[in-house]
C-alpha cells in the first residue's frame, strides 16, 4: 500500500489529526505514570513488615487512680497476657510497627569524637521491649541471639538507663557494618550523647513505624521497659497468638486487664492487620482512583478514535465506492483505514513518550516519585497502538461494506 496517499488524506484533515494525536499523547503520559504509581503503591502496601502480622494485636492501658503503680501493673499484665489461651508471647513496647508513631534516632558505627566524615551514620526507629520482644513480634533472628532477662533495664522520667546490648534489623546492620555487625559497638543518643551498645543479634527484617520513610527497614530493639517516661500511667503491649486465635485472645485480654486493675482504662485493642489497613488506606485509595482514571482515559481515547474515523469514513463514501468499483477488495479498504490509524496513533505516541518522561520528571521534583523505569513508555505505546487498532476496526469494517452502487448514487 502507498503511504503517500494516506499522508495526503491526513493532511486534508489536520485539525482532527492534531486533536486525536494530542489526546493519545496525553493518555499515554498519564497512563504510564499512573501505572507506575499504582505498582509502587502495591509494592509498598504488600511489603513484609518482618512481624507475624496475621497473629498480632496491640492493647493499651492508661491508669488514673491515685498512686497508680505502673511498674507493678505492667508486670501483672504481662504475666496475665502470656497465660491467656492461644497466646504465644507478649511484651511491652514503646511503639507499634506500621502505626506511624514512634521514636526515631540517629545511629553510628563510631563515637561523636570521630569526625562525621569518618563514621557511617544512619537514621532508624527505636523499639523498647523486654526479653520477650523478639518472640512477641514474631521476628526471625538470622545472626546472634535474643536478649536475656538480665539485660533488660527500666527507663523512667528521671533515669533513662543505659542498655548494654541491642538487636538490629539486617538492613541497618548491613548499612553501618558491611563487614559484619555482630559483636560490634553501636553508638546512639538513646541514653544521652554517645550511648555505646553491643550488637548481640540481627533480625531478618523489622520496619520503622513510619511507612513513608525512605529508610523504612532501619530499626533497632533495645532491652528496656518504659515506666512513666512520658505519661505516668500509660503502657502498651504487643501480643502474639497462635494462628486463628487472635480475635478471641484480644477479647480475653481486654477483659482480663480490666479485671486486674480497676484504676485504669484498657483501650485500643487492635490487630496489626487493622493497623496496616488504616495506615495504608490512602495508598489503596490512590490505586483505586488512578485505576479509574486509566480506564476512563483509555475508554475516552478509544471512543475518540472511533468518532474521528467514523467521521472520516462518512466523508469518504464516494472515494471508497470508487476504489471498490475499480477492484479494491473489502480487505484493502479495511487495511487502508487501519494503516492510516497506525500513522495517526504513532504520531501521538511519539509526542506521548516525550510527555511521559517530562511528566515523570515533574513528579520527581514535586512529589519525590522515583524515576520511571525505561520500559513503561514502550509498553504503554504498544498498548495504545493496540487500543487504536481495536477502536478503528469497527469503522474500518463499516467502510469495507460500502458497495460501488451506493457510492455511485452519491455522485
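The values are calculated or read from the model by the stated rules, or taken from the named source; none is laboratory data. Worth saying up front: this structure is predicted, and the values here are computed from it rather than measured. Note that we place each Cβ from the backbone using ideal geometry, even for glycine, and neighbour counts take in every protein chain shown.
Could you figure out which of (1) under 16 Å from residue 78 (Cβ atoms); (2) out of contact with any helix residue (DSSP H, G or I) (no Cβ under 6 Å at 6 or more places or on another chain); (3) part of a helix (DSSP H, G or I) isn't true of residue 256? Evaluating residue 256 over (1) under 16 Å from residue 78 (Cβ atoms); (2) out of contact with any helix residue (DSSP H, G or I) (no Cβ under 6 Å at 6 or more places or on another chain); (3) part of a helix (DSSP H, G or I) leaves (2) as the failure.
This table checks each residue for (1) over 23 Å from the mean Cα position of the chain (by Cα); (2) assigned by TED's automatic domain parsing to the domain that holds residue 154; (3) farther than 25 Å from residue 212 by Cα.
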| position | (1), (2), (3) |
| --- | --- |
| 95 | no, yes, no |
| 103 | no, yes, no |
| 108 | yes, yes, no |
| 112 | yes, yes, yes |
| 118 | yes, yes, yes |
| 131 | yes, yes, yes |
| 134 | yes, yes, no |
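Scanning the range 262-299 for residues that are touching a strand residue (DSSP E or B) at 6+ places or on another chain (Cβ under 9 Å) and surrounded by 18 or more Cβ atoms within 10 Å (Cβ to Cβ) returns 264, 266, 269, 271, 272, 275. On inspection, residue 393 passes the criterion of being over 32 Å from the mean Cα position of the chain (by Cα) and surrounded by 15 or more Cβ atoms within 10 Å (Cβ to Cβ).
Remark: residue 297 falls outside the filter, which requires a residue to be closer than 30 Å to residue 37 by Cβ and modelled with pLDDT of 95 or more.
Restricting the search to strands (runs of 3 or more DSSP E) fully inside the range 158-241 and requiring at least 2 residues that are farther than 24 Å from residue 135 by Cβ gives 185-188, 195-203. Of the residues examined, residue 231 is not one that is at pLDDT 95 or above and over 19 Å from residue 50 (Cβ atoms). In the condition set (1) touching a helix residue (DSSP H, G or I) at 6+ places or on another chain (Cβ under 7 Å); (2) modelled with pLDDT of 90 or more; (3) in a helix (DSSP H, G or I), residue 269 is compliant with all but (3). Among the residues here, residue 193 qualifies as in the same structural domain as residue 77 (by TED's automatic domain parsing) and exposed (fewer than 15 other Cβ atoms within 10 Å of the Cβ).
Mind checking which residues of the range 199-225 are modelled with pLDDT of 95 or more and surrounded by fewer than 15 Cβ atoms within 10 Å (Cβ to Cβ)? Across the range 199-225, the qualifying residue is only 204. Regarding the range 226-243, can at least one residue be identified that is crowded, with 17+ Cβ neighbours inside 10 Å, without any contact (Cβ under 8 Å) to a residue 60 or more places away in the chain and more than 30 Å from residue 369 (Cβ to Cβ)? The answer is no, given that none of the residues of the range 226-243 is crowded, with 17+ Cβ neighbours inside 10 Å, without any contact (Cβ under 8 Å) to a residue 60 or more places away in the chain and more than 30 Å from residue 369 (Cβ to Cβ). Checked against the criteria, residue 149 does not count as without any contact (Cβ under 8 Å) to a residue 40 or more places away in the chain, buried (at least 22 other Cβ atoms within 10 Å of the Cβ) and not assigned by TED's automatic domain parsing to the domain that holds residue 370.
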